[in-house]
Ligand code: UGA
């Protein structure tokens with residue numbers, strides 16, 4: 001089938017490359033000609049493991065094309081996917097739909113025949129209705145139908161998630177559109193994924209509900225981690241133990257510095273705003289947002305506590321800037337409030353991240369960027385692990401300790417055991433398993 005994908009960001013690009021891999025004819029459209037030029041040369045606008053190889057292979061095979069000309073792309077297309085951003089509106093936190101609606105209008109103007117328009121962007125309930133209204137308002141002599149087909153891929157493992165989804169959700173309002181989108185997924189490769197057919201509005205809501213639930217799961221375990229510190233428990237064992245209950249499940253129970261990224265913060269906010277518009281209050285989600293927000297800066301206070309109550313004039317080595325491993329994405333990364341707080345408290349920050357330093361430069365100031373973890377640790381009073389990159393899981397801790405001035409290792413991702421760290425002559429501060437540390441942290445939190 002010929003499929004047009006509008007928006008060559010994370011979702012659009014991964015979806016385009018994967019659909020091409022499965023044998024469809026794909027045209028990826030973006031209104032940024034520089035991005036299209038780079039993609040044609042095989043240069044990816046984002047870091048995602050395996051994406052460059054997949055794009056190159058399918059481009060060379062003639063199944064994947066890039067253009068900034070939507071009209072040309074739409075010739076003989078069976079479906080057009082909308083995969084543009086829906087960032088929170090700075091004024092009120094509602095998802096900003098201007099990019100989605102602009103694309104819808106342009107598709108209506110430039111369509112060359114009947115077309116199924118598929119929303120892959122995460123969009124508030126009712127967006128499909130509005131997109132369909134915009135398409136029909138142009139009075140073009142073609143049949144348009146809008147489908148919601150939310151995407152559940154994670155950055156860092158996006159290709160695997162796309163190719164082996166737990167489920168495919170198709171929210172359609174008529175049999176023609178339902179048939180076209182079902183056919184796109186009815187190819188060898190997707191045959192193991194269950195397809196859930198729903199109404200369009202249900203599919204739109206389902207996507208937000210999934211992200212809100214996962215954010216809630218993470219926030220829950222983060223609060224249990226705090227309690228473990230207070231009572232002398234070990235959050236890793238609690239997570240394992242509750243996760244063994246198949247009703248709970250063991251995934252997304254890793255405690256950390258709070259969830260970040262381009263999805264959970266934005267989507268939890270958006271669903272709570274939508275709910276309020278419909279006079280419903282999602283108290284659990286609103287609490288999750290607040291608890292997670294507070295947690296990020298509280299993590300900086302843990303570093304302050306570990307440093308004996310003050311970081312003024314101290315050098316802190318930060319390992320990891322990206323919001324999670326295997327991405328260069330800094331959007332809503334917990335590293336931002338943590339580093340800014342440490343700087344507010346008078347610390348000098350040295351930092352290293354395998355992929356995110358370039359993006360970090362545009363966001364964080366006054367940081368000394370380093371060539372690797374050991375370079376970052378040079379004469380540092382404390383080393384703080386913020387992102388769970390594999391290369392931070394296998395550090396030569398003795399070598400690291402030989403570089404530092406102080407002996408503090410603050411591990412906000414729980415990557416090490418106390419023994420491993422003690423053997424390298426570090427004092428270890430982690431999360432969810434240190435009662436003394438937690439009591440001290442609470443003292444400072446109360447004082448704030
Ligand atoms: C998330 C969802 O997991 C995807 O299913 C969804 O498609 C995507 O949002 C989206 O809506 O586009 P992503 O933001 O790429 O994917 O990253 P996650 O792996 O979900 O991690 C999000 C945040 O939660 C990160 O800050 C991560 O460090 C944190 N996290 C995750 C934890 O703190 N603990 C965990 O156990 C898991």
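Does residue 191 satisfy the condition of being more than 24 Å from the chain's Cα centre (by Cα), closer than 19 Å to residue 24 by Cβ and either surrounded by 18 or more Cβ atoms within 10 Å (Cβ to Cβ) or away from the ligand (no atom under 12 Å from the Cβ) (or both)? For residue 191, the condition - more than 24 Å from the chain's Cα centre (by Cα), closer than 19 Å to residue 24 by Cβ and either surrounded by 18 or more Cβ atoms within 10 Å (Cβ to Cβ) or away from the ligand (no atom under 12 Å from the Cβ) (or both) - is met. Against the criterion of being in contact with a strand residue (DSSP E or B) (Cβ under 7 Å, 6 or more places away or on another chain) and within 14 Å of the ligand (Cβ to nearest atom), residue 316 does not qualify. The listed residues are 255, 219, and the only one of them that is assigned to a loop (DSSP other than H, G, I, E, B), closer than 25 Å to residue 411 by Cα, within 13 Å of the ligand (Cβ to nearest atom) and touching a helix residue (DSSP H, G or I) at 6+ places or on another chain (Cβ under 6 Å) turns out to be 255. When each of 357, 330 is tested for being buried (at least 24 other Cβ atoms within 10 Å of the Cβ) and touching a residue at least 12 places away in the same chain (Cβ under 8 Å), the lone residue that passes is 330. No other residue among 361, 350, 312, 302 is at pLDDT below 95 and on the phi < 0 side of the Ramachandran plot apart from 302.
Contact map, region 217-228: first residue closer than 16 Å to residue 286 by Cα, second residue surrounded by fewer than 20 Cβ atoms within 10 Å (Cβ to Cβ), Cβ cut-off under 6 Å, separation 6 or more or different chains; pairs are 217/252; 218/252; 219/291. Whether any residue in region 320-331 is within 15 Å of the ligand (Cβ to nearest atom), within 18 Å of residue 403 (Cβ to Cβ) and over 18 Å from the mean Cα position of the chain (by Cα) is what I want to check. No. The requirement of being more than 10 Å from the ligand (Cβ to nearest atom) and either in a helix (DSSP H, G or I) or on the phi < 0 side of the Ramachandran plot (or both) is satisfied by residue 227.
The values are calculated or read from the model by the stated rules, or taken from the named source; none is laboratory data. Note that the coordinates shown come from a computational prediction; the quantities given were computed from them, not determined experimentally. Because the Cβ atoms are built from the backbone with ideal geometry, glycine has one as well, and the counts that use them run over all protein chains shown.
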